[in-house]
Amino acid sequence: MNQNKPEILYPCEWHYRIIGAVEETLRKVVESVTLKKKYTLVSSNQSSGGKYLSLQLSVIVNNEEERIAIFNALKASPDIKMVL
């Protein structure tokens, strides 16, 4: 077992912070990536200049592969600047 990797018990609620410019566009990307999974998406922060904003996505993931697949799909969108 890798001692640097935390043990995650699945299924669990996982949180992603999504950073981009247009909230409506980010919400559409999240809807397309999560497919038919239930999720919550709330506004989090906005940059001081107002150019970027962040949303907090919470979704139940069933395993590591699903968790990583959602992360990679979000990251692949040109409308999303960063996923944490």
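The values are calculated or read from the model by the stated rules, or taken from the named source; none is laboratory data. Note that the structure is predicted; figures quoted are calculated from it, not measured. Here Cβ is always computed from backbone atoms with ideal geometry, including for glycine, and neighbour counts include all displayed protein chains. For accessibility, only protein heavy atoms count, side chains too; no ligands or nucleic acids. Shrake-Rupley method; radii C 1.70, N 1.55, O 1.52, S 1.80 Å.
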Of the residues in segment 22-64, those that are assigned to a loop (DSSP other than H, G, I, E, B) and hydroxyl-bearing (Ser, Thr, Tyr) number 3
Filtering segment 22-81 down to residues that are acidic (Asp, Glu) and either open to solvent by less than 40 Å² (accessible area, probe 1.4 Å) or farther than 24 Å from residue 6 by Cα (or both) yields 23, 24, 31, 79
If you go through 23, 7, the only one that is free of Cβ contacts under 8 Å to residues at least 24 places away in the same chain and acidic (Asp, Glu) is 7
The correct count of residues that are farther than 11 Å from residue 46 by Cα and β-branched (Val, Ile, Thr) in segment 9-21 is 1
Within segment 9-21, of all residues that are part of a strand (DSSP E or B) and in contact with a Leu (Cβ under 8 Å, 6 or more places away or on another chain), the one surrounded by the fewest Cβ atoms within 10 Å (Cβ to Cβ) is 15
